[in-house]
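Read the structure below first, then the notes.
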Amino acid sequence: MALEELNPFAIAQKQLDIAAEIMQLEPALHEFLRWPVRELHVTLPVRMDDGSTEIFHGFRVQYNDSRGPTKGGLRFHPHETIDTVRALAAWMTWKTSVMDIPLGGGKGGIICNPKVMSPSELERLSRAYIRQVGRILGEDMDIPAPDVYTTPQIMAWMMDEYSFMRGYNVPGMITGKPLPLGGSAGRGDATARGGMYCIREAAKRMGMQTEGATVAIQGFGNAGQYAALLAPRLLGAKVVAVSDSKGGVYNPKGLDPVALLAYKNDTGSVVDFPSADAVSNSELLELEVDILAPAALENQITSDNAARIKAKISAELANGPTTLDADEILHEKGVYVLPDFLCNAGGVTVSYFEQVQNAYGYYWKEAQVHELLDEKMTAAFQAVAETSEQYKVNNRIGAYIVAVGRVAEACKLRGWV
Ligand code: NAD
């Protein structure tokens, strides 16, 4: 058997290829959609606190802007690669399209380890990135947002640097900002909340009760923490396992998400949380639970472990957690996969609401944001579920058919292909 493909961009291209064949996409259009339209590689000298200068490398990929300005998060990660950023930019293109919001897809990244950098070093790195990449950013061009290991504070520094470059305040050039700088109510938990709405709709379709359902969550950052807090509140579900990069904890009787969060804030990890057993990141994925939420990084569910996944629903809050081979195995086993660019689209949807509010200079109440997000997520879920049933394909390919169809139409209408 050929080695399993683990390069996220190769995976993203192959996913597109499968959908393109089913959709009988014209060859030129198909080939065009396999590649980013634009990318910028930058080299950033940054003064460190000890007086030395370190050189960092970063990227910004603008994948497709046929439906609107490109939009997508920015990662700070020691293992960041251009191909990961390309894949994430492609998935952003399909994500904004499946949600039917007037944006394209982009993504950025800096190779760095934010865990060993001081706040002032992170600030200088963030500003250095904007000084180079700012020339291709803007509310009508490309709008970044937080992603792995980037925070509202980092968005604030970047917005400030960009505003200096332009000579006036430009809150709409970036989203996920703190509230006093034009952030949106409801942005913090939007990714997880959107995922919960998706799970609720999937459960209805499957005839499954979410009340009392057990949940395991891999990753305990923005997506994972809010998923743990919201699963009991929005679904009546019980969180039994969570993990972070250092390891995980499991208690079949349930974990208290509020206490877990306080513990993680105190100690830096969920590991050794009292009255729970230790569980590794890979063991967590294979637990006997109703709902699994991968909320960390790519390539967590592979051909090695997919057959041992026992959850009824896999709600992909992370981007790219499942490989192509694993997808097939899960589909055959009857695991209901809520694909990443649908399931975690709540974040970009509320980012889009943030941009709209910045443009109007008028801010909505949190309840309004929740209601509009619910409407958008539910409509996107229905479109994907119906398309998957119609074409007899798994939900990921169904989501591709919906999303690629809209982007292809926009490219054709513009006369690009
Ligand atoms: P984050 O930086 O807030 O948290 C990342 C979490 O993952 C941390 O708890 C970290 O300990 C954990 N982690 C890192 N490596 C791990 C490993 N090998 N095993 C287990 N856990 C590990 O990041 P986030 O914003 O929560 O992003 C998580 C995922 O969700 C990413 O795939 C991201 O692209 C996706 N996502 C985030 C958003 C958003 O709005 N934040 C939106 C859409 C998708």
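The values are calculated or read from the model by the stated rules, or taken from the named source; none is laboratory data. This structure is a prediction, so every number in the text was calculated from the model and none was measured. Here the Cβ positions follow ideal geometry from the backbone for every residue, glycine too, while neighbour counts run over all protein chains shown. Protein only, heavy atoms only, side chains kept; ligands, DNA and RNA dropped before computing areas. Shrake-Rupley method; radii C 1.70, N 1.55, O 1.52, S 1.80 Å.
Of everything in the range 254-281 that's hydroxyl-bearing (S, T, Y) and surrounded by fewer than 16 Cβ atoms within 10 Å (Cβ to Cβ), which residue is farthest from K115 (Cα to Cα)? Write out each step before concluding.
Kept after step one, since they are hydroxyl-bearing (S, T, Y), are these residues of the range 254-281: 263, 267, 269, 275, 280.
Filter once more, so that each one left must be surrounded by fewer than 16 Cβ atoms within 10 Å (Cβ to Cβ): 267, 275, 280.
Details: T267: 14, S275: 28, S280: 21 Å.
That would be S275.
Pick out, from the range 332-406, the helices (runs of 4 or more DSSP H) lying fully within it that include 2 or more residues that are of a type in the set (D, E, K, R) and within 18 Å of the chain's Cα centre (by Cα).
Numbers: elements: 340-343, 346-360, 366-391.
Counting at least 2 such residues, we get 366-391.
Within the range 290-301, which residues are within 13 Å of the ligand (Cβ to nearest atom) and open to solvent by 10 Å² or more (accessible area, probe 1.4 Å)?
Those that are within 13 Å of the ligand (Cβ to nearest atom) and open to solvent by 10 Å² or more (accessible area, probe 1.4 Å): A295, A296, L297, E298, N299, Q300.
Out of all the residues in the range 254-267, which are more than 16 Å from the ligand (Cβ to nearest atom) and touching a strand residue (DSSP E or B) at 6+ places or on another chain (Cβ under 8 Å)?
Looking only at the range 254-267, we keep the residues that are more than 16 Å from the ligand (Cβ to nearest atom), and these are 254, 256, 258-259.
Passing the criteria: only G254.
Can you pull out every residue in the range 231-253 that is buried (at least 16 other Cβ atoms within 10 Å of the Cβ) and more than 16 Å from the ligand (Cβ to nearest atom)? Give the derivation first.
As a first pass, look at the range 231-253 and keep what is buried (at least 16 other Cβ atoms within 10 Å of the Cβ): 231-232, 234-235, 237-244, 247-251.
Residues satisfying the conditions are P232, L234, L235, A237, K238, V240, N251.
Can you name the condition, by its number, that F56 falls short on among (1) in the same structural domain as L103 (by TED's automatic domain parsing); (2) among the hydrophobic types (A, V, I, L, M, F, W, C); (3) closer than 19 Å to A10 by Cβ?
F56 satisfies all of (1) in the same structural domain as L103 (by TED's automatic domain parsing); (2) among the hydrophobic types (A, V, I, L, M, F, W, C); (3) closer than 19 Å to A10 by Cβ except (3).
So which of A318, A326 is assigned by TED's automatic domain parsing to the domain that holds D304, among the small types (G, A, S) and not in a helix (DSSP H, G or I)?
Going through A318, A326 in turn, the sole match is A318.
Rundown of residues vs (1) in contact (Cβ under 8 Å) with a residue 12 or more places away in the chain; (2) open to solvent by 30 Å² or more (accessible area, probe 1.4 Å); (3) more than 21 Å from L125 (Cα to Cα), yes/no style:
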{"site": "W157", "(1), (2), (3)": "yes, yes, no"}
{"site": "F164", "(1), (2), (3)": "no, yes, no"}
{"site": "L179", "(1), (2), (3)": "no, yes, yes"}
{"site": "G182", "(1), (2), (3)": "yes, no, yes"}
{"site": "D189", "(1), (2), (3)": "yes, no, yes"}
{"site": "A192", "(1), (2), (3)": "yes, no, yes"}
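How many of the residues in the range 340-377 are open to solvent by 40 Å² or more (accessible area, probe 1.4 Å) and either on the phi > 0 side of the Ramachandran plot or within 13 Å of the ligand (Cβ to nearest atom) (or both)?
The qualifying residues number 2.
Checking the condition within 16 Å of the ligand (Cβ to nearest atom) and either β-branched (V, I, T) or open to solvent by 10 Å² or more (accessible area, probe 1.4 Å) (or both), which residue from E328, E316, E332, E286 passes? Can you show your working first?
Numbers: E328 fails: within 16 Å of the ligand (Cβ to nearest atom); E316 fails: either β-branched (V, I, T) or open to solvent by 10 Å² or more (accessible area, probe 1.4 Å) (or both); E332 fails: within 16 Å of the ligand (Cβ to nearest atom).
Step by step, each of E328, E316, E332, E286 is checked, and only E286 is within 16 Å of the ligand (Cβ to nearest atom) and either β-branched (V, I, T) or open to solvent by 10 Å² or more (accessible area, probe 1.4 Å) (or both).
List the pairs whose first member sits in the range 276-292 and is closer than 16 Å to D304 by Cβ and among the hydrophobic types (A, V, I, L, M, F, W, C), whose second member is open to solvent by 40 Å² or more (accessible area, probe 1.4 Å) and in a helix (DSSP H, G or I), and whose Cβ atoms are under 9 Å apart, counting only residues at least 6 apart or on separate chains?
Between residues of the range 276-292 that are closer than 16 Å to D304 by Cβ and among the hydrophobic types (A, V, I, L, M, F, W, C) and residues that are open to solvent by 40 Å² or more (accessible area, probe 1.4 Å) and in a helix (DSSP H, G or I), the close pairs are L285/R308.
Right, G247: farther than 28 Å from T302 by Cα and in contact (Cβ under 8 Å) with a residue 24 or more places away in the chain or not?
On the way: farther than 28 Å from T302 by Cα: no; in contact (Cβ under 8 Å) with a residue 24 or more places away in the chain: yes.
Criteria not met by G247.
When residues of the range 126-155 are filtered for being within 16 Å of the ligand (Cβ to nearest atom) and either open to solvent by 10 Å² or more (accessible area, probe 1.4 Å) or more than 22 Å from G68 (Cβ to Cβ) (or both), how many remain?
Pass one, the range 126-155, residues within 16 Å of the ligand (Cβ to nearest atom): 126, 143-155.
Retained after the next criterion (residues that are either open to solvent by 10 Å² or more (accessible area, probe 1.4 Å) or more than 22 Å from G68 (Cβ to Cβ) (or both)): 126, 146-154.
Matching residues across the range 126-155 total 10.
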